[in-house]
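The values are calculated or read from the model by the stated rules, or taken from the named source; none is laboratory data. Everything quoted here is computed from the prediction, not taken from an experiment. Backbone-built Cβ (ideal geometry, glycine too); neighbour counts: all protein chains shown. Just so you know, the surface numbers come from the protein's heavy atoms only, side chains and all, with ligands and any DNA or RNA stripped out. Shrake-Rupley method; radii C 1.70, N 1.55, O 1.52, S 1.80 Å.
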Amino acid sequence: MAKYSKPSNIAVIGMEWGDEGKGKIIDFLAEKADVVARFNGGNNAGHTIEVGGDKIVQHLIPSGIYHKNTLNLIGNGLVVDPRVFINEIKNLKKHHIKINHENLIVSQNAHVILPHHIEEDKKAGGKIGTTARGIGPAYTDKAARFGLKVYEFVDETIFKKRFGNEEFYDVYKDYAEAIKPYVNDTSAIMNYAVNHNQKVIFEGAQGTLLDIDHGTYPFVSSSNSTVGGVCTGLGIAPKKVQSVLGVCKAYKTRVGHGPFPTEITSGVGTKIQKLGKEFGATTGRQRRIGWFDALIGKYAVMINGIDSIAITKLDVLTTIKKLQICVGYKYKGKTLKNFTTNMKVLQNCHPVYEELDGWWDDLTKVRSYDKLPLNAKKYLRRIEQLLGVPISIISVGPKREQTIITRPEFLF
Ligand code: GDP
Ligand code: IMO
Ligand code: MG
């Protein structure tokens, strides 16, 4: 096997429909990181981190914030709800997390979510099952040249000229004052960090199948959550991105509407939903459950150029007697071996499964690959074979320490 030299920057990308456990993995890796930079989305994301006895869900602020020496950036590719930004800072301070304009910076070029975006999303987002946080309407305004950049938001003259007559003006004027100290030119900071070989994590929100271009359109979010979003959402050249870590759940979940070929409608799905505590971190909605889908995995590897995988929630599958891995979609008499974003196919295909035996041992205290039960190893090996990339991290619980590194050469 070719020798792989350790990367100095890693893009962390969700491989499915979000909620793969990116927050936990980024927090784990961030211990060694100089910078964690979010590149897409907004407070539709919910990234959960369990540190000590605390469980914190962040929607906007990057998952490196729990480490004293890590700089956290919110890139130009995001849509920022100022109210959420301020409340998250307050909440983190309550948890005694150090946070100020030296370890948290927001791009002057990010766009702002305003009250009318949220109202519009509440009215129109039902068909997709959006998070109703105003994400789509804010990106739509950006594309329609009605967007409001953060630097305009914090500039009293510009903001007053545009919104002085709006009823939200007074409240949002105060938000603007509160955000001002955090605003800076993040592209310049990012390029300095990358050019000086600092350890940088590019934090993705959502996942490959929620990408506006490469996902299961129209049941998608409104930004590029695939690796290309790193470049446009942070101002980094493609050749500077050194490695891509795909985060992938040991089974599949989806919140919101849209096709889900391996969705489990029998009682096993309910069992996994309960064991995995699968409720949306942003909206609290019950997540839909499905078997592992190798077609999606291969697709995410292709679209993102994934070097290695972090597989999460393996512990949840303990006590599931028979595990299914989808290896094809039967559609109109043919078996498709590759994923497609064609809605007709996704809605009407029948998954072809390979069945593997499960295991009964509790994995949450396992800290090395050798100690995993044989059937868990077989399950992981089969996934690696089908996706054609190695697994570098196995997560066996929500806490930092519940993490097994199998291929350190892909990590810091
Ligand atoms: P994200 O949006 O990709 O950051 O993921 P979420 O935070 O929305 O959802 C993942 C959920 O799974 C969170 O509640 C995490 O605390 C939890 N989690 C992450 N990794 C593991 C794991 O390996 N095992 C278990 N049991 N829970 C995990
Ligand atoms: P993280 O970063 C899971 C889903 C919504 C809906 C669709 C469009 O936590 O993985 P939007 O409000 O973005 O216009 O909704 O996308 N969605 C997510 N699902 N995890 C997320 O983020 C999501 N962000 C958006 O449920 O189906
Ligand atoms: Mg989430």
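Here are a few things to note about the model shown:
- Inter-centroid distance (Cα atoms) of region 129-155 relative to region 356-401, Å: 41
- The alpha carbons of region 249-410 stretch over 45, 33, 31 Å along the principal axes, in descending order.
- Asp170, Asp121, reordered so the largest accessible area comes first (probe 1.4 Å): Asp170, Asp121
- Here the calculated FRET efficiency for Lys239 and Asn184, from their Cβ-Cβ distance with R0 = 22 Å, stands at 0.35, rounded to the nearest 0.05.
- Overall shape: oblate for region 116-244, with the ratio a/c of the largest to smallest alpha carbon gyration tensor axis at 1.5 or above and b/c at least equal to a/b.
- 222 nm mean residue ellipticity, helices alone, for the chain (DSSP H n ≥ 4; -39,500 (n - 2.57); rounded to 500): -8500 deg cm²/dmol
- Close amide H contacts of Phe279 (hydrogens built in the peptide plane, cut-off under 5 Å, sequence separation of 5 or more or a different chain): Arg287.
- Rounded, prolate or oblate (a/c below 1.5 giving rounded, otherwise prolate when a/b exceeds b/c) for region 9-243 by Cα gyration tensor: rounded
- Contact order relative to length of region 249-410, as percent, for alpha carbon pairs under 8 angstrom and 6 or more apart: 25
- Along region 321-326 the Karplus relation, 6.51 cos²θ - 1.76 cosθ + 1.60 evaluated at θ = phi - 60°, assigns HN-Hα couplings of 4, 10, 9, 10, 10, 7 Hz to successive residues, with x for each Gly and Pro.
- For region 249-410, the solvent-accessible area of protein heavy atoms averages 44 Å² per residue (probe radius 1.4 Å; ligands and nucleic acids excluded).
- Percent of beta bridges antiparallel (DSSP, the chain, rounded to nearest 5): 40
- Amide H contacts of Lys252 (H built 1.01 Å from N, in plane; Pro and chain starts excluded): Gly290, Trp291, Phe292 sit under 5 Å, all sequence-distant by 5 or more or on other chains.
- When the alpha carbon coordinates of the chain are projected onto the principal axes, the ranges are 65, 44, 40 Å, largest first.
- DSSP-assigned coil residues among chymotrypsin sites (Phe, Trp or Tyr not before Pro) in region 117-183, each with at most 16 further Cβ atoms within 10 Å: Phe146, Phe168
- Within region 343-411, chymotrypsin sites (Phe, Trp or Tyr not before Pro) in DSSP loop having at most 13 other beta-carbon neighbours inside 10 Å: Trp360
- Per-residue Karplus couplings for region 244-249, computed as 6.51 cos²θ - 1.76 cosθ + 1.60 with θ equal to phi - 60°, are listed in order as 10, 10, x, 9, 9, 7 Hz, Gly and Pro entered as x.
- DSSP-loop trypsin sites (Lys or Arg not before Pro) across region 1-84, with at most 11 other Cβ within 10 angstrom: Lys3, Lys68
- Summary value for region 64-155: 29 percent relative contact order, contacts being C-alpha pairs under 8 angstrom separated by 6+ residues.
- A Cβ-based charge dipole, computed about the Cα centre of the chain with Lys and Arg at +1 and Asp and Glu at -1, lands at about 1060 debye.
- 5 angstrom amide H check on Leu71, placed H, neighbours 5+ away: Val35, Val36
- With the simple spin-label model, which puts each label point 7 Å out from Cα in the Cβ direction, the Thr319 to Val352 separation comes to 3.4 nm.
- Carbon/sulfur fraction of accessible area - region 289-402, other protein chains in place, 1.4 Å, %: 51
- Cα-based Rg of region 120-172 normalised by 2.2 N^0.38 Å, two decimals: 1.31
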